[in-house]
Amino acid sequence: MASTLSAKSIPLARPKNGVGAFVFQCRKLVFSYCEHFGSNNGMVCVSFHSVRVFRFKDRNENSPVLDYIRSDLVKFAKKNPQIEIVVQHRPAHHPIVKGFYLNGRDKVICVRNLSPSEIGDKVKLLRDSSGAKTKLLAKKPVLSTTESVRGIWSPFHSRRHKI
């Protein structure tokens, strides 16, 4: 008799950071743009030998978003082969960069009116973040085992305030 294992009984190994390995939490970056919007006019994406090459119309050659995509995005994609890079058309909207993470969450950053170096900083921020929600760290009250030297303040123990 051959025993069969069901899919529920087999544990699923998820990629985690630990002592012997490092896994980027960002799995995909999506760059969305509009050809006719003021901040990023005239970009057409064509693929060439499995590397994306960007051709631009003469209409808006000085757009910061297009400058970043034209000069820095291909370099970023070659330095980070573990991250899928997608450039897509999003009509009548400001340019955004959207990051998808291994934990199932996503983060969106609008890059309207940013310089190419600022766009690069935002892309690095998305690449390096974990996708988890931001947590407040400093909201817990301070508990002490000893009494205060000055005692507990009370408005009834001070001099009356005169206006």
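No value in this document is a laboratory result; all are computed from the given coordinates. These numbers were taken from a predicted model, which means no experiment stands behind them. We place every Cβ from the backbone using ideal geometry, glycine too, and count neighbours over all the protein chains shown.
Given R0 = 22 Å, the distance between the Cβ atoms of Asp106 and Ser71 translates into a calculated FRET efficiency of 0.25. Our coupling estimate for the stretch 23-34, obtained by passing each phi through the Karplus curve with A = 6.51, B = -1.76, C = 1.60 and θ = phi - 60°, is 10, 5, 7, 7, 10, 7, 10, 10, 9, 10, 8, 10 Hz, Gly and Pro reported as x. Fewest-first ordering of Arg127, Arg150, Arg112 by other beta carbons within 10 Å of each residue's beta carbon gives Arg150, Arg112, Arg127. Modelled spin-label separation between Leu143 and Lys78, with each label point placed 7 Å from Cα along the Cα-to-Cβ direction: 5.7 nm.
Residues whose amide H falls under 5 Å from that of Arg27, counting only those 5 or more places apart or on a different chain, are Phe100, Tyr101, Leu102, with hydrogens built in the peptide plane. Taking the number of Cβ atoms within 10 Å of each Cβ as an exposure proxy, the fewest-first ranking of Tyr101, Tyr68 is Tyr101, Tyr68.
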